[in-house]
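Engineer: There's a structure below that I have some questions on.
The values are calculated or read from the model by the stated rules, or taken from the named source; none is laboratory data. Just so you know, these numbers come straight off a predicted model, no measurement behind them. When we count neighbours, we look across all protein chains shown, and the Cβ atoms used for this are built from the backbone with ideal geometry, even at glycine.
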Amino acid sequence: MPILDLSPNDQTVTVSGDTALLEVYAALPPGLFPPFPRVELPGGVGGLVSRGGFGQTFPFASDVLGVTFRAPSGRVVRAGGRTVKNVQGYDLTRPFVGSFGALGEALEVTLRLRPGLVARCVTAPTSLDALGQLTARFAWQDGGEVHLFHFGHAREVERALAVLPGARKLQAPTDLRPRFPDGMGVGEGATLRDRRFGWVNGGSVPPMPALFARLVAAL
């Protein structure tokens with residue numbers, strides 16, 4: 001489960017698909033952040049990309065620069081690259097993100113990193129539905145509490161988290177894997193959700209569009 005390549009100057013990191021999310025955080029130099037919050041989820045980075053991210057309030061796919069994956073046919077496909085300017089395979093990288101395994105299993109993933117001087121995660125009793133537009137980069141609801149995570153300049157972080165007055169600061173990352181022993185799927189009645197899906201143990205995956213079915217057959 002290694003970090004395959006880390007380029008602070010290019011602000012990119014390439015990891016194996018089974019690399020744990022918090023392992024990525026541990027490998028990064030201070031001031032650089034991946035496109036996911038400080039939580040641990042099933043399936044590592046590959047699973048995260050297959051599900052289309054978690055909790056983000058920005059276009060997650062734009063921060064996935066490349067994916068090497070094994071298609072259902074067994075063919076290994078390399079899409080994208082390790083630099084922001086490399087657009088080779090762009091048309092396959094974007095569809096893979098959020099495909100929920102329809103296009104195959106991620107073997108390697110290259111992510112864009114973003115700079116930030118300060119990072120903070122807070123939580124408070126409320127619901128995502130009660131909040132309007134958010135500037136925090138990540139937001140999710142766990143039971144009756146909303147969690148916000150943001151990084152950037154100190155004042156920027158303070159403004160982004162001000163929508164939760166009286167929120168308490170979370171110091172330690174959260175490992176959510178024990179809640180999904182049968183895998184992380186989407187479903188009704190979820191206690192954990194972001195603004196895309198409710199996340200449940202096992203669960204199902206969104207319906208595959210006809211375009212995906214044709215793409216899978218071509219691979």
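Engineer: Just the residues that are under 20 Å from W199 (Cα atoms), of a type in the set (A, V, I, L, M) and more than 14 Å from the chain's Cα centre (by Cα), please, taken from segment 94-123.
Structural biologist: Correct list: A102 only.
Engineer: Also, quick follow-up: Give me the residue from segment 131-170 that is of a type in the set (F, W, Y) and in contact with a Pro (Cβ under 6 Å, 6 or more places away or on another chain) and, out of that set, farthest from R196 (Cα to Cα).
Structural biologist: So in segment 131-170, the residues of a type in the set (F, W, Y) come out as 138, 140, 149, 151.
Okay, now just the ones that are also in contact with a Pro (Cβ under 6 Å, 6 or more places away or on another chain), so 138, 149.
Working: F138: 12, F149: 17 Å.
In this case the residue turns out to be F149.
Engineer: Here's something else I'd like to know. Looking at this structure, is A172 among the hydrophobic types (A, V, I, L, M, F, W, C), assigned to a loop (DSSP other than H, G, I, E, B) and free of Cβ contacts under 8 Å to residues at least 40 places away in the same chain?
Structural biologist: yes
Rundown of residues vs (1) in the same structural domain as T123 (by TED's automatic domain parsing); (2) small (G, A, S); (3) touching a strand residue (DSSP E or B) at 6+ places or on another chain (Cβ under 9 Å); (4) on the phi < 0 side of the Ramachandran plot, yes/no style:
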site: K169; (1), (2), (3), (4): yes, no, yes, yes
site: A172; (1), (2), (3), (4): yes, yes, no, yes
site: R177; (1), (2), (3), (4): yes, no, yes, yes
site: G183; (1), (2), (3), (4): yes, yes, yes, no
site: T191; (1), (2), (3), (4): yes, no, yes, yes
site: R195; (1), (2), (3), (4): yes, no, yes, yes
site: P207; (1), (2), (3), (4): no, no, no, yes
site: L215; (1), (2), (3), (4): no, no, no, yes
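Engineer: Suppose the filter is touching a residue at least 60 places away in the same chain (Cβ under 8 Å), more than 26 Å from R195 (Cβ to Cβ) and outside any helix (DSSP H, G or I); does T14 pass it?
Structural biologist: yes
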